[in-house]
Amino acid sequence: MRAVTIRQPWATLIAIGEKRFETRSWATKHRGEIAIHAGKAIDKKACEDPAIKIILTKHGYMTPGDLPTGAIIATGMLIDCWQSFTQEDQVILESAGRMRSITDFEEQVGDYTEGRYAWELDQMKRLQNPVPAKGYLSLWHWEKSSI
């Protein structure tokens, strides 16, 4: 299974289904199963953002130290890769001639600078017991049989 390493709290926001797009500077042609790996770094300033803090607390993550790191924390599906652009001060995503807008929260928790890519994630299943794993750059292979 393909995996992607994501800093915290973004990885957990994806795992709990609150964040549906992971923004990157590069596109991917991969579609299908994907594992979410929480890197070792935690953006503690982001964890203190009121909107993010409320969501994390609602799901039992009271402090940044409660977030799992260095582990696969969820699996799901990568269903599309959209390119980002701005139109009349609104972020618009485009893929194969289709366009869509995003929520204010998604805009807050991603980097939608024009020309970046938003990977659309769906059917996320948070693992009850995170699986320790070393993260890598880009998409990498993870043995699903580990869970």
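The table that follows gives values for the structure above.
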| read-out | value |
| --- | --- |
| Over 25 Å [Cα-Cα, the stretch 2-147], rounded percent | 25 percent |
| Within the stretch 74-105, backbone nitrogen closer than 20 Å to the virtual label 7 Å beyond the Cα of Ser25 toward Cβ | 81-86 |
| The stretch 2-142: relative contact order in percent, alpha carbon pairs under 8 Å with at least 6 residues between | 37 percent |
| Three principal axis lengths of the stretch 68-112 [C-alpha, angstrom, descending] | 39, 23, 13 |
| Stretch gain in nm, segment Lys45-Arg7, where the contour uses 0.36 nm per residue and the Cα spacing is subtracted | 12.4 nm |
| Count of Lys pairs (Cα-Cα under 15 Å; at least 8 positions apart or interchain) in the chain | 8 |
| Volume per residue of the C-alpha convex hull in the stretch 106-147, rounded to whole Å³ | 131 Å³ |
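Read-outs throughout are calculated quantities, based only on the coordinates presented, and are distinct from any laboratory measurement. Here the structure is a predicted model, which means the values were calculated and not measured. With ideal geometry, Cβ positions are generated from the backbone for all residues, glycine too; neighbour counts draw on all protein chains shown.
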